[in-house]
Amino acid sequence: MRIVLVTLAALLATTGIAEAKSFRGQTSQKRFASMVVGKDGLVSRIRISYSAPCSDPRYRFPNVLRIEAPFRTSTADRVSETVTLRDRLRGGGRSRQTATVTARRTVDAAGVESWSGTFKTRVALTKGGKRLDTCELKRVTWSATPTS
């Protein structure tokens, strides 16, 4: 019986294990971008670091956005998602953010795959029901290549 259990455990441990793929790169703002493609070949997570300028030129809204599956559109070659996030801020304020991320996979002549896409966001900052500021990135491009 032990031999059967050990054999079964070894078989389960070695078959059907496909590694998730990690990709890292940067945005057109020279900030961090990364994504993870799961065992099923679909994107499971996208992270984009950005700094959105506000309507008051003295301020910016720096942030790292992490979006996880399921996505609105997700195939082995394309992903798109629009999310709306509401957060409480330090100091008693609130933010309402709408962000859109698109991504597409490319494979070069050497067979190396990479991902690239666009990102845009709009953030409304309020406190006590009054709008303090609006921060917006209209279009940031990004690209990511496989990590070794």
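The values are calculated or read from the model by the stated rules, or taken from the named source; none is laboratory data. None of these values were measured; they are calculated from a predicted model. No Cβ is skipped: glycine too gets one built from the backbone with ideal geometry, and neighbour counts run over all protein chains shown.
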If Ala109 satisfies all but one of (1) touching a Gly at 6+ places or on another chain (Cβ under 9 Å); (2) surrounded by fewer than 10 Cβ atoms within 10 Å (Cβ to Cβ), what's the number of the condition it fails? (1)
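For every residue, the table says whether it meets (1) outside any loop (DSSP other than H, G, I, E, B); (2) over 14 Å from the mean Cα position of the chain (by Cα); (3) at pLDDT below 95.
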| position | (1), (2), (3) |
| --- | --- |
| Arg45 | yes, no, no |
| Ala52 | yes, yes, no |
| Phe61 | yes, yes, yes |
| Ser80 | yes, no, no |
| Gly91 | no, yes, yes |
| Ala99 | yes, no, no |
Selection within the stretch 26-43 - assigned to a loop (DSSP other than H, G, I, E, B), in contact (Cβ under 8 Å) with a residue 40 or more places away in the chain and closer than 20 Å to Ser80 by Cβ: Ser28
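Out of the residues in the stretch 9-23 meeting the condition of being surrounded by 14 or more Cβ atoms within 10 Å (Cβ to Cβ) and of a type outside the set (S, T, N, Q), tell me which one is modelled with the lowest pLDDT.
Here the answer is Lys21.
Would you confirm whether or not the stretch 128-141 contains a residue that is of a type in the set (Val, Ile, Thr), part of a strand (DSSP E or B) and within 17 Å of the chain's Cα centre (by Cα)?
yes
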Could you tell me whether any residue of the stretch 118-126 is modelled with pLDDT of 95 or more and of a type in the set (D, E, K, R)? yes
Go through the residues of the stretch 63-74 one by one and say whether even a single one is part of a strand (DSSP E or B), under 12 Å from Ala144 (Cα atoms) and within 13 Å of the chain's Cα centre (by Cα). no
Result of the Cβ filter at 8 Å on the stretch 59-79, keeping first residues that are surrounded by 13 or more Cβ atoms within 10 Å (Cβ to Cβ) and partners that are aromatic (Phe, Trp, Tyr), at least 6 apart or interchain, is Asn63/Tyr50; Leu65/Tyr50; Leu65/Phe119; Val79/Phe71
Give the residues of the stretch 103-148 that are closer than 25 Å to Val43 by Cα and charged (D, E, K, R), sorted by residue number. Arg104, Arg105, Asp108, Glu113, Lys120, Arg122, Lys138, Arg139
